[in-house]
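The values are calculated or read from the model by the stated rules, or taken from the named source; none is laboratory data. Given the structure is predicted, the values throughout are model-derived calculations rather than measurements. Don't worry about glycine lacking a Cβ; one is built from the backbone with ideal geometry, like all the others, and counts go over all protein chains shown.
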Amino acid sequence: MTAPDLQTLYRQIVLDHSRQPRHQRRPDWRGREAEGHNPLCGDKIRVYARVHDDRLDDVAYEASGCAICVASASLMTEATLGRDVPAVRALAGQFGTALGSGGGNLPGDLAALAGVSQYPARIRCATLPWKALLAALDASPGTVTTEQASGDR
Amino acid sequence: MTATFDVAALRRDFPILTQQVNGHPLAYLDNAASSQRPLQVLEAIGHYYAHDHANIHRGVHTLSHRATDLYEGARETVRAFINAASVREIVFTSGTTEAINLVAFSFGQRLVPGDEILVTTMEHHSNIVPWQLLCERSGAVLRVAPINDAGELLFDEFVQLLGPRTRLVSVAHVSNALGSVNPVREIVAATRARGIPVLVDGAQAIAHEAIDVRELDCDFYAFSGHKMCGPTGTGVLYGREAILRDLPPWKGGGDMILTVSFSGTTYNELPYRLEAGTPHIAGAIGLAAAMRYLTAVGMARIAAWEAQLLAHATAELGKIPGLRFVGTARRKAGLVSFNVDGIHPHDLGTVLDQQGVAIRAGHHCAMPVMERFGLQGTARASFAFYNTPAEIDQLAAAVRVAQRMFAA
């Protein structure tokens, strides 16, 4: 029943991650954290990052948002858990660039979100978790929003 | 439905409605955000620019006279449309938002610390933030009358909030997020009985029922052109002459003055004192054309048709399991706000758009309403007289497609 266009946005893997988000929890450790907010649609996410020896030792989040935002957060944790912080930062940049320029060149399961690039109004839904993760890694105080000029759109 | 309401003929006046969107016929159900324009409005604007344009009120040449006559003629059309007593009571603005800001900046100058402004929970941000800014400037306090779970104003609580320090009441005629129609006559009567002026935000009412400001007896009535088939960037503040007469200017510039000297400036008469600078002349002309169009269709017939569309939407969407209406007031305008279990409103909006159905998803610039109901947002379908039952059926079918897609 689904129109082909919708399948590019809501790939099965995206729907799966939105229904059963991985690593969505409030962790029992105290690490770095940051909140992301999309004032246009009300998406909210709090990302928790524990860094040990410059490595993302654990990552979690609490999200309330649309399927794209939640699936992106879930896929983000799968793609970043256990990786070096510089590699996480590079991947965040790569993700934002890819969604802003047609969606190509995304590694692994993140490629499932490439279709978001065809829906300009939804790109910020997918990038919000990454902005919050970067803010947590930077230990920026306060809340990042999708409307801030920094990073991707 | 009503035999005399030929919606197919009316739709031919709106070429934008006849198009495919994402491979489906467009069902434009986002009229509370902005309506579409008929050819008659586009032609009035095009004719003005092609034949009559010049600056107004100050030229000695023929085109300037013509443009002035058209602009002031538009003011008379507005006056008649809302049955104001005089064209001196019709101030052109860029929209409802500017009209409310005008009152906040001008009328608001007389407020002192401890004074109160009363609004309701269901206001659009444009009827909240101007008052919050005024409170910051003046030390006044913003009070908020609550609503019930159906989205209806709690009238007794509202009346209890009318106090000795209440300086102004500002309420929506119709809630943009819930569709609730407020009992404005009763609100105005209770408020004015205490000597307090009332502003009615008519943005969501003006295109959907006949408005008679003298019968409402309100002191201000604000509305936008673009929600009533007129151009964007147009709007009106109606103000009772007795109250406008005492309002200080709020924007300075040309047209709002009689004489300017560095030793002192004298201000123009109403309504020009409140309209600084070259106005949106073509916009006013287009707005007047929209009002003539709506009048020709008939506001009572529009209201009756939209009531049937609302009943049809309530019945058809009500059959969908997992769909919950937000806003179930006994008196509602032609819009339905709803959520579907397991589907975020933004995802729903995207999936409907892919099936040609244009709705609004989100907080509808009424975040306090969403907070009241504990929601992030809703999906909202809002109707105009050119909508059809078939478009509502298309909406309902599209919602079911979304449900199948997101089903676990």
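Just one of the numbered conditions (1) of a type outside the set (Lys, Arg); (2) out of contact with any helix residue (DSSP H, G or I) (no Cβ under 9 Å at 6 or more places or on another chain); (3) farther than 29 Å from B:Ile147 by Cβ; (4) assigned to a loop (DSSP other than H, G, I, E, B) is not true of B:His65; which one? Only one criterion in (1) of a type outside the set (Lys, Arg); (2) out of contact with any helix residue (DSSP H, G or I) (no Cβ under 9 Å at 6 or more places or on another chain); (3) farther than 29 Å from B:Ile147 by Cβ; (4) assigned to a loop (DSSP other than H, G, I, E, B) is unmet by B:His65, namely (4). Note on the stretch B:145-230: enclosed strands (runs of 3 or more DSSP E) holding 1 or more residues that are touching a His at 6+ places or on another chain (Cβ under 6 Å) are B:198-201.
Scanning the stretch B:231-252 for residues that are touching a Cys at 6+ places or on another chain (Cβ under 9 Å) and not in a loop (DSSP other than H, G, I, E, B) turns up just one, B:Tyr238.
If only residues of the stretch A:90-143 that are over 21 Å from A:Arg30 (Cα atoms) and among the charged types (D, E, K, R) are counted, the one that is nearest to the other protein chains (Cβ to nearest Cβ) is A:Arg122. Here A:Glu78 fulfils each of the conditions (1) out of contact with any Ser or Thr (no Cβ under 6 Å at 6 or more places or on another chain); (2) in a helix (DSSP H, G or I); (3) within 14 Å of chain B (Cβ to nearest Cβ) apart from (3).
Quick one: in the stretch B:26-62, which of the residues that are in a loop (DSSP other than H, G, I, E, B) and aliphatic (A, V, I, L, M) is nearest to B:Gly73 (Cα to Cα)? Per the criteria, the residue is B:Ile56. Checking every residue in the stretch B:113-123 against the condition of being part of a loop (DSSP other than H, G, I, E, B), small (Gly, Ala, Ser), under 22 Å from B:His364 (Cβ atoms) and modelled with pLDDT of 95 or more gives zero matches. Residue-level check: of (1) on the phi < 0 side of the Ramachandran plot; (2) in contact with a helix residue (DSSP H, G or I) (Cβ under 6 Å, 6 or more places away or on another chain); (3) not charged (D, E, K, R), A:Asn105 misses just (1). For the stretch B:66-77, the criterion of being in contact with a Gly (Cβ under 8 Å, 6 or more places away or on another chain) and without any contact (Cβ under 8 Å) to a residue 60 or more places away in the chain is satisfied by at least one residue.
Residues being within 14 Å of another protein chain (Cβ to nearest Cβ), more than 30 Å from B:Phe220 (Cα to Cα), surrounded by 13 or more Cβ atoms within 10 Å (Cβ to Cβ) and not hydrophobic (A, V, I, L, M, F, W, C) are entirely absent from the stretch B:48-68. Tallying residues that are of a type in the set (Asp, Glu) and surrounded by 24 or more Cβ atoms within 10 Å (Cβ to Cβ) within the stretch B:215-269 yields 1. All but one of (1) touching an Asp or Glu at 6+ places or on another chain (Cβ under 8 Å); (2) at pLDDT 95 or above; (3) closer than 19 Å to B:Gly95 by Cα hold for B:Ile243; state the number of the condition that does not hold. If we test B:Ile243 against (1) touching an Asp or Glu at 6+ places or on another chain (Cβ under 8 Å); (2) at pLDDT 95 or above; (3) closer than 19 Å to B:Gly95 by Cα, just (3) comes out false. Counting residues in the stretch B:80-95 that are outside any loop (DSSP other than H, G, I, E, B), among the basic types (Lys, Arg), at negative phi and free of Cβ contacts under 8 Å to residues at least 24 places away in the same chain gives zero.
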